[in-house]
1. Residues of segment 99-116 being buried (at least 24 other Cβ atoms within 10 Å of the Cβ) and outside any strand (DSSP E or B), which ones?
2. Restricting the search to segment 46-71, which residues are farther than 13 Å from P179 by Cα and of a type in the set (V, I, T)?
3. Considering only residues that are within 19 Å of R53 (Cα to Cα), in contact (Cβ under 8 Å) with a residue 40 or more places away in the chain and in a loop (DSSP other than H, G, I, E, B), look in segment 215-243 and name the one that is most open to solvent (accessible area, probe 1.4 Å).
4. Residues that are surrounded by fewer than 18 Cβ atoms within 10 Å (Cβ to Cβ) and of a type outside the set (S, T, N, Q): find the strands (runs of 3 or more DSSP E) completely inside segment 126-214 holding 3 or more of those.
5. What are the residue pairs meeting all of these: first residue in segment 151-173, first residue more than 21 Å from L13 (Cα to Cα), second residue part of a strand (DSSP E or B) and open to solvent by 90 Å² or more (accessible area, probe 1.4 Å), Cβ atoms under 7 Å, and 6 or more apart or on different chains?
6. Among what's in segment 187-213 and is hydrophobic (A, V, I, L, M, F, W, C) and touching a strand residue (DSSP E or B) at 6+ places or on another chain (Cβ under 7 Å), pick the residue that is modelled with the lowest pLDDT.
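The values are calculated or read from the model by the stated rules, or taken from the named source; none is laboratory data. Please read all numbers here as calculations on a predicted model, not as lab measurements. Cβ placement follows ideal geometry from the backbone for every residue including glycine, while neighbour counts extend to all protein chains displayed. For the accessible areas, the whole protein counts, side chains as well, though only heavy atoms, and no ligand, DNA or RNA atoms are used. Shrake-Rupley method; radii C 1.70, N 1.55, O 1.52, S 1.80 Å.
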Amino acid sequence: MGDVITTELEKELVFHKLVDENQQINEKEITLQSWIERDEDLSNESVCGIDQRQKVLTTLQMPYMAICKLYMKAKNGLNYVGSGWLVAGDRLYTAGHCVYNKGTGGWKTSIIVIPGKCGYSEPYGRYEATELMATQGWIDGASPRYDMGAIKIDRPVCHNSFITPAMEDPNIAEICGYPADRDNGIFQYKMSDNLVKEHGRFLYQADTFGGQSGSPLLRNRCIGVGIHNYGGCPNKSSDLYQEFIDGVANW
């Protein structure tokens with residue numbers, strides 16, 4: 001029988017530098033297609049009944065200017081898409097499988113981060129990941145509850161507006177990110193719903209889709225309480241814990 005990973009070990013954070021292996025992402029390709037990471041059903045992020053998502057038409061205000069489009073390259077040579085949210089000038093939260101996926105070769109080899117992307121407008125520029133972080137529980141055990149990660153970028157973004165992470169259990173929240181099934185994944189979409197909390201995860205019927213992995217679960221617009229990572233109706237986010245918040249803050 002294999003070793004059982006304890007909760008305390010699952011919470012531990014693992015850091016990885018990209019400096020020596022950064023690979024170029026084909027800009028032409030990523031504007032023509034969207035790739036959703038399909039290993040182990042990671043793309044199962046679902047529209048639950050009638051699609052009620054609302055398109056975000058401007059990202060020049062919070063929280064939308066802090067929500068990021070991710071273009072990622074894996075060791076298998078394929079490109080993928082995701083979402084993330086800035087918590088500091090050079091750091092953002094995302095799903096664990098956006099930075100590490102054993103099925104596609106382990107750590108991503110290159111990630112482009114675009115805060116507030118709105119169609120073909122990129123008002124705050126583009127940034128490259130230099131370091132990645134994921135939880136031990138995700139890397140060793142593929143635990144959905146610990147499918148959480150973070151990215152450090154090559155320089156601080158050109159604005160000072162960030163989403164505040166918090167360990168809270170609200171009754172209702174909004175999810176916002178870049179679903180690949182709408183507008184080729186280049187606009188943010190949002191939706192609010194009631195929440196149910198089970199075993200460290202928020203469950204909701206708010207519509208999502210592949211490409212939205214890593215999106216923030218928001219209370220009062222600018223407080224992030226969870227990281228969206230799975231669908232299935234109910235769709236799911238992992239809640240935050242102190243070691244994760246502190247680890248990213250002190251990175």
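1. V99, K108, G116
2. Scanning segment 46-71 gives I50, T58, T59.
3. R221
4. On the way: elements: 127-135, 148-153, 172-177, 189-194, 196-198, 201-204.
Qualifying strands (runs of 3 or more DSSP E): 196-198.
5. N171/N194; I172/N194
6. Of segment 187-213, the ones hydrophobic (A, V, I, L, M, F, W, C) are 187, 191, 195-196, 202-203, 206, 209.
Still in the list and also touching a strand residue (DSSP E or B) at 6+ places or on another chain (Cβ under 7 Å): 187, 191, 195-196, 202-203, 206.
Details: F187: 95, M191: 90, L195: 92, V196: 94, F202: 94, L203: 93, A206: 77.
Top of the filtered list is A206.
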